[in-house]
Amino acid sequence: MITRNRTTKLLVALASFSLVAAACGSDSNDSAPASDAPAATEAPMSTEAPMTTEMDDEMADGPFGPACDAVPADGEGSFAGMTDDTAATAASNNPLLSTLVTAVTEAGLVDTLNSDGPFTIFAPTNDAFAAIPAADLEAVLADQELLTSILTYHVVAGESLDAAALGSAGSAETVNGAMLEFGDDGTTVNGVDVLCSNVVTANATVHIIGEVLMPPTDEMGEMDEMEEGAMMPTGPLCSAVPADGEGSFAGMTDDTAATAASNNPVLSTLVAAVQAAGLVDTLNSDGPFTIFAPANPAFDALPEGTLDAVLADTDLLTSILTLHVVAGEQLSSADLAELDSVTTVNGADITLEVADDGTLMVNGQASVGCADIQTANATVHVIDAVLMP
């Protein structure tokens, strides 16, 4: 379950973000000359904190951390080589950051960050992006606004902070406008380990991290209010959703719930049940709705003969299906996590609980396997079991 809002209105000028994005530029020849990019207006923060411990001494010596060994030993992509290049060029020569380079390219933000800086950049590795379900990543790459929001959350402009300075600062505001929190020794950001600290480029200090950071909803100011498409679908069942077309996450945002489900192969059994119950028009009405949608394996897991018997009994089928729908509001996974129960169209309540591993459980019967899918009139959460009245 996630509680991450996408950007609906960037609070920082796009030009400022370009200072960030080019740090991951795929081709230094595509980057704008330094004189063409806006210079940072804030003075660099001093990073000359007193070195009082063995860890501080290590930080002062240069890059350190378990992923540093993966950086080339020589050439333009080596630590020594990167010190001579501005961030855009340095990133394009770093084999750990090729997926990040792709993301920045998809955002259309590869033209700069060869300006004066200074910047502090938290750069997710290729493995960090690989840990995101493929369909989720495709959806984010296809949504420039959401992608920009996420990428800007990885950059602090106007300061070049090494690990010691991060630890001393404790927190910093990003180009996104939301805050990052650092551990006492500066080797964690929002609880995520820094895998290679203090990578120095000509205009930035880069910290390579093992996870993609997501902007928290409670720090997004004007973006706190939930709106259509404001949550990024997440969860293990999301990988089964098509990457493109009408059944993709992006495609479903244009269709009402029943139509969106009919284009999604993960929900074909549910679609057949909705049609048998005569509920297509209801789910395609204005809404809004929150829908808990059992995936095909959920129906397959029912005892033999159960599904056929239910499909043949319209009253029973309607009772079951309406237990999966909340009318009048679109509740995100973050909203649901704050509730103990919700009342369904069936008239009965279903309970909500967050398990120790962060999974959202519904009625003690089903776990949410793909949360926060947006349709034109509903927020849909795909679940792994059929709820029974």
A careful count of residues in the stretch 334-389 that are in contact with a Phe, Trp or Tyr (Cβ under 7 Å, 6 or more places away or on another chain) and β-branched (Val, Ile, Thr) gives 4
Of the listed residues (170, 158, 210), the one being surrounded by fewer than 23 Cβ atoms within 10 Å (Cβ to Cβ), in the same structural domain as residue 101 (by TED's automatic domain parsing) and within 20 Å of residue 132 (Cβ to Cβ) is 210
Counted residues in the stretch 253-307 being among the β-branched types (Val, Ile, Thr) and over 19 Å from residue 319 (Cβ atoms) come to 4
* Asked: Among the residues of the stretch 219-235, is there at least one that is in a helix (DSSP H, G or I), over 18 Å from residue 291 (Cβ atoms), modelled with pLDDT under 65 and of a type outside the set (Asp, Glu)?
  -> yes
Q) Taking the stated definitions as given, is residue 239 in contact with a strand residue (DSSP E or B) (Cβ under 9 Å, 6 or more places away or on another chain), outside any loop (DSSP other than H, G, I, E, B) and at pLDDT below 95? A) yes
Counting only residues that are closer than 27 Å to residue 85 by Cβ, among the charged types (D, E, K, R) and not in a strand (DSSP E or B), the stretch 117-173 contains a total of 3
In the stretch 240-254, anything surrounded by 19 or more Cβ atoms within 10 Å (Cβ to Cβ), touching a Ser or Thr at 6+ places or on another chain (Cβ under 9 Å) and not small (Gly, Ala, Ser) is listed as 241, 252
Going by the structure shown, is residue 296 surrounded by fewer than 21 Cβ atoms within 10 Å (Cβ to Cβ) and free of Cβ contacts under 8 Å to residues at least 24 places away in the same chain?
no
Note on the stretch 242-272: residues in a loop (DSSP other than H, G, I, E, B) and in contact with a strand residue (DSSP E or B) (Cβ under 7 Å, 6 or more places away or on another chain) are 253
inquiry  = Kindly evaluate residue 323 against the criterion of being buried (at least 17 other Cβ atoms within 10 Å of the Cβ), in contact (Cβ under 8 Å) with a residue 60 or more places away in the chain and at negative phi.
reply    = yes
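The values are calculated or read from the model by the stated rules, or taken from the named source; none is laboratory data. Here the structure is a predicted model, which means the values were calculated and not measured. Counting neighbours? That spans all protein chains shown, and the Cβs are built from the backbone with ideal geometry, glycine included.
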